[in-house]
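Visitor: Please see the structure below; I have some questions.
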Amino acid sequence: MPEPKILIHGGAWDIPPGLHNDHLQGITTALEAGLRALRSGMNATGIVKTVISELENNPVFDAGYGSFLNEAGEVEMDAGIMSGTDLSVGAVAAIRNVAHPILVADHIRLNTQHCLLAGSGAAEYAFRNGFERVETIDLLTDREKKLYAHLKSRNHLRIKSFFELRKTGRDTVGAAVLDRDGNFAAGTSTGGTPLKMSGRVGDSPLPGAGYYADNRFGAVSVTGWGEGIMRVLLAKKVIDLISAGQSADHAAGNAIRDLHERVQGDAGLIAVDKNGRIGVAYNTPFMAFGLADSSGIIETGIDNKSLRIEF
Ligand code: ASP
């Protein structure tokens, strides 16, 4: 059986050089938490929740605290988690007023007959089940308030351009995990895109689009332009390529190429396959990512030059 792997990302976009260290530090801190969880015997979904919660706490990333504001000045978040053991899924879409959408998503996976709750129904479910209500202001950073004011003053905003060159922002977080029993899990959490319409839902809470896990093949988490990702079901595409015999590395690269060819999409993804091989691919200028294995070694990368992982 392959050794356990914890692979995470902190978004794919044109991350300004001044923010590279903050991203890599955030990735490292989350992987340290993941390693502690792995050593304590936690299973794959537990590790996914641990690392994503850590990233949701970190305002560097566009998930939980630090999320973008939508056009109405609200924080609406999407998240999803999937177990490769039984293909169970839990997800929330356009949820407000919670600090950890990924934990609400997993609660839905474990305790309801549904896969995805949206909007006020998702928030009410969370509060009924003991999740603390937080106000929008508690999820906001000064930087986000300034960005909102700046973007609001412009006449037209092309959301897709945020994933292209020289744009500001933060980004989505995700994890793909293989645990010590050979089980896979994947998850993704996001505040979405800046100034999105109220009620807009991206790829991140949709299984097959923003994440996928199946013990027979592997686990995948995706970030990038959601309106393109959901049209090609990017995460499931990677799994299908692995099932056809490709390694995680090849499947990741081919899926990103296909996304670009079919819908001119910009995105990044991480994948672990059933042989424990790793895939990282993105067609944005940068993507923050990192890998931890059971030996305790943590590797992080943000561009091809700093990529030190043996694929
Ligand atoms: N995929 C996310 C969305 O479209 C954003 C991101 O990954 O940066 O909501």
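The values are calculated or read from the model by the stated rules, or taken from the named source; none is laboratory data. Keep in mind the model is a prediction, meaning the values are calculated, not measured. Counting neighbours? That spans all protein chains shown, and the Cβs are built from the backbone with ideal geometry, glycine included. Just so you know, the surface numbers come from the protein's heavy atoms only, side chains and all, with ligands and any DNA or RNA stripped out. Shrake-Rupley method; radii C 1.70, N 1.55, O 1.52, S 1.80 Å.
Visitor: Does D179 qualify as being at pLDDT below 95, over 13 Å from the mean Cα position of the chain (by Cα) and crowded, with 19+ Cβ neighbours inside 10 Å?
Guide: Details: at pLDDT below 95: no; over 13 Å from the mean Cα position of the chain (by Cα): yes; crowded, with 19+ Cβ neighbours inside 10 Å: yes.
Against the criterion (at pLDDT below 95, over 13 Å from the mean Cα position of the chain (by Cα) and crowded, with 19+ Cβ neighbours inside 10 Å), D179 does not qualify.
Visitor: Scan segment 34-47 for residues that are assigned to a helix (DSSP H, G or I) and closer than 16 Å to A176 by Cβ and report the count. Spell out how you get there, then give the answer.
Guide: Going through segment 34-47, the residues assigned to a helix (DSSP H, G or I) turn out to be 34-39, 44-47.
Add one more test, that the residue is closer than 16 Å to A176 by Cβ, and what stays is 34-35, 37-38, 44-47.
Adding up the residues that qualify gives 8.
Visitor: Okay, moving on. Identify, please: which residue in segment 65-83 is of a type in the set (A, V, I, L, M, F, W, C) and farther than 13 Å from I52 by Cβ and is, among those, farthest from the chain's Cα centre (by Cα)?
Guide: The residue in question is A72.
Visitor: So which residues in segment 9-52 are aliphatic (A, V, I, L, M), within 17 Å of S295 (Cβ to Cβ) and touching a strand residue (DSSP E or B) at 6+ places or on another chain (Cβ under 8 Å), if there are any at all?
Guide: Result: L31, L35, L38, I47.
Visitor: Taking segment 91-114 as the region of interest, how many residues are basic (K, R) and either in contact with a Pro (Cβ under 8 Å, 6 or more places away or on another chain) or assigned to a helix (DSSP H, G or I) (or both)?
Guide: Qualifying residue count for the region: 1.
Visitor: OK, next. Out of all the residues in segment 73-90, is one or more charged (D, E, K, R), open to solvent by less than 20 Å² (accessible area, probe 1.4 Å) and assigned to a loop (DSSP other than H, G, I, E, B)?
Guide: Yes, segment 73-90 has at least one match.
Visitor: Take segment 1-22 and flag every residue that is within 16 Å of the ligand (Cβ to nearest atom) and open to solvent by 40 Å² or more (accessible area, probe 1.4 Å).
Guide: P16, L19, listed by residue number.
Visitor: Now for a different question. What residue, among those in segment 160-176 that are open to solvent by 10 Å² or more (accessible area, probe 1.4 Å), more than 8 Å from the ligand (Cβ to nearest atom) and outside any loop (DSSP other than H, G, I, E, B), is modelled with the highest pLDDT?
Guide: For segment 160-176, the residue satisfying everything is K160.
Visitor: Kindly provide the set of residues from segment 40-56 that are touching a residue at least 40 places away in the same chain (Cβ under 8 Å) and over 12 Å from S83 (Cβ atoms), ordered by number. Please lay out each step first, then the result.
Guide: Initial filter on segment 40-56 (touching a residue at least 40 places away in the same chain (Cβ under 8 Å)): 41-45, 47-49, 51-53, 55-56.
Of everything in segment 40-56, those that are touching a residue at least 40 places away in the same chain (Cβ under 8 Å) and over 12 Å from S83 (Cβ atoms) turn out to be G41, M42, V51, I52, S53, L55, E56.
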